Structures are given as structure tokens and as C-alpha cells.
Amino acid sequence: MRSHVNLSHIVRTCGCFGISRVIACGAAGIHGRIARDGAESVEVAVHRSLPPVLDRLKAEGYEIVGLEQTTRSESLFAFSFAAKTVLVIGNERSGLEQDELDRLDRVAEIPMAGMPHSLNAATSASIAVYEYCRQWPAGGGSP
């Protein structure tokens, strides 16, 4: 995630839905005025590289789900999340890198009906987090 604003919005969304941990890579920063109470209730773990983190979480039994437009994407409208899911959101400009895509168990896509054919990364993350929490209102596991 390149944008601290987008990451802050994601942290706020996670706080609203009771998700306690976000993993970010690079120079991750949180704007408290944007993240609001999420800045206090959501742990943000920062790592240099995502693939080793995904490998560890997969070994812990989490299903690794990317939110991306690929040839193997499943519509979020019909997507069934596993209780123990890690949702992977890519870079705002380039999406997920190939070494990250290679580690995904599944890929979800938010169907678009108009132009542009993609949403802002924080908006997409919010929609996917909402759908996960709709399916698992009591939570399923927290990476």
C-alpha cells in the first residue's frame, strides 16, 4: 500500500468491523484523523516483504485470498469466505505482484459495471471486509 490515506481508511474499516490486525508492507503510516478509533483498536504490523508473511499464515491454517482482477478471479457476489481468511490487497497502481499472486489460495473480484474498471484500494478493501463480516458476523479468526 503506497498511500497512508488508503491504509488509514482500511484501518478505520477494520476497526468498525472488529478486525484486530492489519499487516502492511513498506513505509506504512496511519493518519489518526482518518483512521479515528481504528488507530487505537487495530494493530498494524509492518513487514518488509509480504510473501514470507503469507507463507507463515498459510502454514497456520489461514486461507489466503487476494482481491484482484485475474483470469481465475471469483465474483465477490458469490464468494464464500473461509472462517480463517487473510485478505490480501495489492498496491494501488500495480495490484499484487506475481510472487504474491502465486501464494494465493483463491482470488475474489468485485464486478464492475462501468468505467473505470476498478475501485480505489481502500474502497475495495472495505467492500470485501464487509462481505467477509456479513458471512462471519462473530469473526472467524484473526491473523
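The values are calculated or read from the model by the stated rules, or taken from the named source; none is laboratory data. Here the structure is a predicted model, which is why all the values come from computation and not from measurement. All Cβ positions, even for glycine, are placed from backbone atoms using ideal geometry, and neighbour counts span all protein chains on display.
Of all residues assigned to region 58-66, at least one qualifies as being under 22 Å from Met112 (Cβ atoms), crowded, with 17+ Cβ neighbours inside 10 Å, out of contact with any Gly (no Cβ under 9 Å at 6 or more places or on another chain) and not aromatic (Phe, Trp, Tyr).
Taken over region 1-55, the criterion of being small (Gly, Ala, Ser) and in contact with a strand residue (DSSP E or B) (Cβ under 7 Å, 6 or more places away or on another chain) is satisfied by Ser20, Ala24, Ala28, Ala45, Ser49. Pairs linking a residue in region 31-58 that is at positive phi to a residue that is buried (at least 19 other Cβ atoms within 10 Å of the Cβ) and small (Gly, Ala, Ser), with Cβ atoms under 9 Å and 6 or more positions apart or on different chains, are Arg36/Ser8; Arg36/Gly15. State which residue is farthest from Pro111 (Cα to Cα) when the search covers only region 40-67 and only residues that are in a loop (DSSP other than H, G, I, E, B) and at pLDDT 95 or above. Ranking the qualifying residues of region 40-67, first place goes to Glu60. Looking only at residues in region 1-30 that are free of Cβ contacts under 8 Å to residues at least 24 places away in the same chain and buried (at least 17 other Cβ atoms within 10 Å of the Cβ), the one that is farthest from Leu96 (Cα to Cα) is Cys16.
Counting only residues that are surrounded by fewer than 19 Cβ atoms within 10 Å (Cβ to Cβ) and among the aromatic types (Phe, Trp, Tyr), region 80-97 holds 0 of them. On inspection, Ser118 passes the criterion of being part of a loop (DSSP other than H, G, I, E, B) and hydroxyl-bearing (Ser, Thr, Tyr). In this entry, Glu92 is excluded by the filter for residues that are under 18 Å from Ile19 (Cα atoms) and either among the aromatic types (Phe, Trp, Tyr) or at pLDDT below 95 (or both). Residues satisfying the criterion are absent from region 81-90 (criterion: in a helix (DSSP H, G or I) and within 22 Å of Ala45 (Cα to Cα)).
Condition first: out of contact with any helix residue (DSSP H, G or I) (no Cβ under 7 Å at 6 or more places or on another chain) and assigned to a loop (DSSP other than H, G, I, E, B). Now tell me which residues in region 21-39 satisfy that. Gly26, Ala27 - these are the residues of region 21-39 that are out of contact with any helix residue (DSSP H, G or I) (no Cβ under 7 Å at 6 or more places or on another chain) and assigned to a loop (DSSP other than H, G, I, E, B).
When Ser41, Ser75 are checked against the criterion of being surrounded by 14 or more Cβ atoms within 10 Å (Cβ to Cβ), over 15 Å from the mean Cα position of the chain (by Cα) and over 13 Å from Ile23 (Cα atoms), Ser41 stands alone in meeting it.
Take the conditions (1) touching a helix residue (DSSP H, G or I) at 6+ places or on another chain (Cβ under 7 Å); (2) in a helix (DSSP H, G or I); (3) modelled with pLDDT under 95; Pro143 misses just one of them, which is (2).
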